[in-house]
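J.: Sharing a structure with you now.
The values are calculated or read from the model by the stated rules, or taken from the named source; none is laboratory data. The structure presented is a predicted model; accordingly, all values stated were derived computationally and were not measured. FYI the Cβ positions are ideal-geometry reconstructions off the backbone, even for glycines, and counts take in every protein chain you see. Ligands, DNA and RNA are excluded from the accessible area calculation, which covers all protein heavy atoms including side chains. Shrake-Rupley method; radii C 1.70, N 1.55, O 1.52, S 1.80 Å.
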Amino acid sequence: MRAVSVSALQHVDCPPSTSYRPLARPSLVHRYNVHRPCAAQSWQRTSTSRAVATPDRATEVPPPTLRSPGPARPIPGYDPDTDRVGVLLLNLGGPETLEDVRPFLYNLFADPDIIRLPPAARWLQPAVAWLISTLRAPKSRRGYAAIGGGSPLRAITQEQADALAGALADRAVPARAYVAMRYWAPTTEQAVAALKADRINKLVVLPLYPQFSVSTSGSSLRLLERLLREDAQLAAARHVVIPSWYARPGYVAASCDLIQAELARFPAEADGVEIFFSAHGVPQSYVDEGDPYKEEMEQCVALIMTELAARGVRNTHTLAYQSRVGPVQWLRPYTDDAIRYLGERRVRGLLAVPISFVSEHIETLEEIDMEYRELAEEVGIKSWGRVPALNTNPVFIADLADAVLEALPYAGSVAGSAVGDALVPMGELDALLETYDRDRRQLPAPIGGWVWGWTRSAETWNGRLAMLALLSVLLLELVTGRGAIGTLLALMPR
C-alpha cells in the first residue's frame, strides 16, 4: 500500500462504514459522532514501529480600527466591527528560579488530576503534595541548576504567543494572545483577569499539548471553566476549545522537517538510525477510564512516519513514555526500558524526538538530553541526536494561526471533529468536559511562596503545618502503640 502524504490527507475519501475502536466511554463516539479518519487505518498498516515491552504582558497588536491588510473575502466567524478576539494558550508552567522549585512542585502534586487519591482520602491531598514536593525538591533543583537555574518555558511560551498574534494579524485578524500556566506564573487566574480587562468577547482556547489528556489539557480546562462561570462578563463571551491538534498537516510537516534535518547530521549509516519518539507518560488507569491520550499519540506518530516515508525516509521507529511518577503503572514501554532494549538489539544510532513537547523545558533539556543520552551511551548506542522542540518554528506557528481561524466559526457552539480530525471534538468547555469529567472535581488554585499577614498564602501554610502536626501525632501513636495524647503527656517533663 502506498504511503499517504500529509498534503494528500485532505483529499482521501472515507467510506461510510469506516470502523474504529471505541474509547472506554462510548458517549464520546455517540454524542459527537467522532470517528477515526480512514487515513489512520493505512497509517497503522504502513507503520514500521518496533514492538518494545503572560497575562502581565499581553501580546500587543493593532487596535481593531487599524486592521492589517488582508484578503477582501470575509473571514468566517469573524466580524471586524464587533469581535475582540483573544487566544488563550494553556501550558504547564515551570519554576523560573531554584527557589521556585518546591512551591511549583507543590502546585503540581496538589492537582488531583496528577496525584489521584481515593475519595475517602482526598482530604489528605495537601499533605501528600507537601510531602512529595519536599522529598523531590532537592533532585529537581539539581536538574534545573543543570539547565541554567530555571525553566525557559515561560519565555518560550510568550514568544509563541507573540508569533501567533503576528501570524493572525497577517491574516487580517488582529487578536491578543495570552499565556495561562497551570502550576506557575502567569497563572490562569491572571490570564482570565487580562481577558476581562481587554473586553475579549470571542475566545479561542488553545492548549499547547498536541494530544489531549485529562492530566494536562483537561486539568487546565476544568480550572478555566470554573473561572469563566464565576464571572458574568466572561461567561457571556463566546468561546471555543481546540483540545487536540496532533493531526494538523502543518504540525506534522514541521515535525518531519526537524527530524529530517537531524537525520542529516548523522554519519553515512543514517538509514540505520532508530527514530525514537519519547512522549510524556500518563498513568495507565487514565487510559483505561477513557483518556484518548495513548490513541492520539499512536496516531500522531503514525502520521509523522507516513509523511517521512512519503519523503523517502525508511528508518524504523519506537514510541515510549517518560517522566513517570510514583509506584503505579504508567503507559508502557517506559523510555529507559526501551533504550535498554534497543541497546540489546545492537542499535547503534538513535534520534530522540520529544513528540509531546512543543517547547524546550526540563524534560527535554535535562531528562532527554542528559539522563537518557547517558543511558544510551551506557548500553552501547554510539550515535545520538535529538530533534529540537518546535518552539516558534514558522511552519508550526502558521499552522496554529490557521487552526485558530478555522475554529472561530464554532465559537459559542459545540463542533464536530471536522477540523483536525481529532478523537476529541472542538466545542465549549462545558460540553467537552462533560465527556471526561462528570464529577467536576474541585481543583486547587496554584499557591505561591509565603506571604506574611492574614493572607491566602498564610492560611495555606498554616493548613500545611496543621496537617503535618496531625500526621506526626498519628505516626507517634502508631509507633508507640499508645494513645497520642497519653504518649505526649508521658513524654512531658515532670
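J.: Can you go through Glu367, Glu360 and tell me which one is in contact with a strand residue (DSSP E or B) (Cβ under 7 Å, 6 or more places away or on another chain), open to solvent by less than 30 Å² (accessible area, probe 1.4 Å), over 19 Å from Lys294 (Cα atoms) and charged (D, E, K, R)?
T.: Only one candidate qualifies: Glu367.
J.: So the check is Cβ under 7 Å with 6+ separation or different chains; which pairs have a first residue in the range 184-209 that's assigned by the TED database to the domain that holds Arg229 and assigned to a helix (DSSP H, G or I) and a second one that's open to solvent by 30 Å² or more (accessible area, probe 1.4 Å) and of a type in the set (D, E, K, R)?
T.: Gln190/Asp56
J.: Still on this structure, please answer the following. Does any residue of the range 150-162 turn out to be of a type in the set (Val, Ile, Thr), closer than 19 Å to Trp184 by Cα and touching a Phe, Trp or Tyr at 6+ places or on another chain (Cβ under 8 Å)?
T.: no
J.: Testing Gly343 on (1) at pLDDT 95 or above; (2) under 25 Å from Leu135 (Cα atoms), one condition comes back false. Which one is that?
T.: (2)
J.: Contact list please: Cβ distance under 7 Å, first residue in the range 137-149 and in the same structural domain as His361 (by the TED database), second residue crowded, with 17+ Cβ neighbours inside 10 Å and in a helix (DSSP H, G or I), pairs at least six apart or on different chains.
T.: none
J.: Please enumerate the residues belonging to the range 262-288 that are out of contact with any helix residue (DSSP H, G or I) (no Cβ under 8 Å at 6 or more places or on another chain) and open to solvent by 50 Å² or more (accessible area, probe 1.4 Å).
T.: Arg265, Pro267, Ala268, Glu269, Asp271, Gly272, Ser285, Asp288 - these are the residues of the range 262-288 that are out of contact with any helix residue (DSSP H, G or I) (no Cβ under 8 Å at 6 or more places or on another chain) and open to solvent by 50 Å² or more (accessible area, probe 1.4 Å).
J.: Assess whether Val325 counts as being under 28 Å from Pro152 (Cα atoms) and at pLDDT 95 or above.
T.: no
J.: Do the conditions hold for Leu227, that is, is it at negative phi and in contact with a strand residue (DSSP E or B) (Cβ under 9 Å, 6 or more places away or on another chain)?
T.: For Leu227, the condition - at negative phi and in contact with a strand residue (DSSP E or B) (Cβ under 9 Å, 6 or more places away or on another chain) - is not met.
J.: Give me a count of the residues in the range 366-417 that are of a type in the set (A, V, I, L, M) and closer than 17 Å to His280 by Cα.
T.: The qualifying residues number 5.
J.: So in the range 156-184, with the set limited to residues that are closer than 15 Å to Leu390 by Cβ and among the small types (Gly, Ala, Ser), which one is surrounded by the most Cβ atoms within 10 Å (Cβ to Cβ)?
T.: Step by step, filter the range 156-184, then rank; the result is Ala161.
J.: Shifting gears a bit: Tell me which residues, restricted to the range 99-129, are open to solvent by 20 Å² or more (accessible area, probe 1.4 Å) and either at pLDDT 95 or above or closer than 27 Å to Pro243 by Cα (or both).
T.: Glu99, Asp100, Arg102, Pro103, Leu108, Ile114, Ile115, Arg116, Leu117
J.: Right, something else. Are any of the residues in the range 80-98 farther than 30 Å from Ala197 by Cβ and open to solvent by 30 Å² or more (accessible area, probe 1.4 Å)?
T.: Within the range 80-98 (the criterion being farther than 30 Å from Ala197 by Cβ and open to solvent by 30 Å² or more (accessible area, probe 1.4 Å)), the answer is yes, since at least one residue qualifies.
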